[in-house]
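To start, the structure under review is shown below, and the notes come after it.
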Amino acid sequence: MLDLQRLRALHAVSVHGTVGAAAAALGFTPSAVSQQIAKLERETRTVLFEREGRGVRLTDDAWQLVGVASELLAIVERAETRLEERRGVPSGRLTIAAFASAARGLLPSVLADLAVRHPTLEARLTEVDPHLSVDLVAKGAVDLVVAHDWDIAPLPAPAGVEQARIGEDLCDLLVPEGHRLAGRSAVRRSELGGERWICQPPGRVCHDWLLRTLRGAGHEPDIVHQADENPTLVALVAAGLGVALIPRLGRGPLPAGVVEVPLDPMPVRRLYALWRTNAARRPAIAETVRTLRAHWPDASAHTAATTPAGPARPGQPGASAF
């Protein structure tokens, strides 16, 4: 009989791409995951991994087992959901993936609140870019995702995934003190030509949004510096090296030398919680979404205005889930 935990290890490697990433997601060491795979190979008398450079590649037989593992893990999830639903109390392990500023500005208070009110619930957080997190929840690698989209780039929810709105995060133009736009009450996007821009690297949601926004206003952005974390972007602005568009969530107080200038219209990114339809009735999911919404006003209290959380977008699954 195939061991479910060994199938889970194989499935995690297929989702995350490497043994190390799979181990981090499962809470194991890479050697423990490798041992699970090796035992599965002996049990099935099948080669599951082939060396490829410094990494490994799943064989065709391994992908066949991954398909079976996905089906079995979905059945297990339904069974666990029904048991938790019967108990009526959030419990068990809940894995959450969130993008960086939500992990910094929203999740700490949410996780602390859940830990106090629901001691039988073990919530675990992983920081993941929104581009990747939605796929992770769809494949069963995490239970719940906190992701975002922008007003001009909606977040797609794949089949079998439901979502609910948490709130809206505003974004400001940050410029060095003494900049030509510092002190303005508002700046239109058409006035942003000729600036030296500081932003996240290509492939990140904020980078793509900046390109689309400025090109839509008739400007080709001159991106001179790139960094992953918002505090680094702010530090570069403080040094007078360029301007940046940065959301308010998790940004923290601005240092000396940086001036916040509102844009007109103001850019907005919408925060969502996403989960698999199979787990929609799980009390842990419902309670975590409610807690995220309850803490959103505090997380966004530093903003000039906060838009209340609304329902999921019309036509999307889960529009009435919470």
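Bear in mind these aren't lab numbers, they're just calculated from the coordinates by the rules spelled out. None of the values given here were measured: they were computed from a predicted structure. Every residue, glycine among them, receives a Cβ derived from its backbone with ideal geometry; neighbour counts consider all protein chains shown.
Between the DSSP loop rule and a limit of at most 14 other Cβ atoms within 10 Å, which GluC sites (Glu not before Pro) in region 162-253 are left? Answer by residue number: E177, E229. Relative to the compact-globule estimate of 2.2 N^0.38 Å, the Cα radius of gyration of region 15-75 comes out at 1.10. Note: relative contact order over region 72-186, using C-alpha pairs below 8 Å and six or more positions apart, is 25 percent. Just for the chain, what percent of DSSP beta bridges are antiparallel, to the closest 5? Looking only at bridges with both residues in the chain, the antiparallel portion is about 65 percent. Which whole-angstrom value gives the distance between the alpha carbon centres of region 64-116 and region 2-31? For region 64-116 versus region 2-31, the Cα centre distance is 17 Å. Take the Cα coordinates of region 1-42, assign each an equal point scatterer, and use the Debye formula without solvent to give log10 I(q)/I(0) at q = 0.23 Å⁻¹. The Cα Debye sum returns log10 ratios of -0.63. Its Cα gyration tensor gives region 167-248 an equivalent ellipsoid. The semi-axes, each the square root of 5 times an eigenvalue, are 17, 16, 14 Å from largest down. If you fit an axis through the alpha-carbon atoms of helix 107-117 and take the longest principal axis of the Cα set of the chain, what angle between them do you get, 0 to 90°, nearest 10? On a 0 to 90 degree scale, this one is about 50. Full extension of the chain segment joining E127 with R54 gains 23.8 nm, where the gain is 0.36 nm per residue of separation less the Cα-Cα distance. What do you get for the angle between helix 205-216 and the principal long axis of the chain? Use alpha-carbon atoms, 0 to 90 degrees, nearest ten. Result, in degrees: 40.
With a cut-off of 9 Å between beta carbons, the residues surrounding K39 carry a summed charge of -1, where Lys and Arg count +1 and Asp and Glu -1. The chymotrypsin sites (Phe, Trp or Tyr not before Pro) of region 26-109 include none that DSSP puts in a loop with a beta carbon having at most 10 other beta carbons within 10 Å.
Between Rg and the Kirkwood Rh of the chain, both from Cα atoms, what is the Rg to Rh ratio? Before the final figure, lay out the partial values.
Working: Rg = 22.0 Å, Rh = 21.5 Å.
Taking Rg over the Kirkwood Rh, I get 1.02.
The modelled label-to-label distance between A112 and L254, using points 7 Å beyond Cα along the C-beta direction, is 2.7 nm.
Each Cα pair under 8 Å and six or more residues apart adds its sequence gap; the mean of these over the residue count of region 116-234 is a relative contact order of 20 percent.
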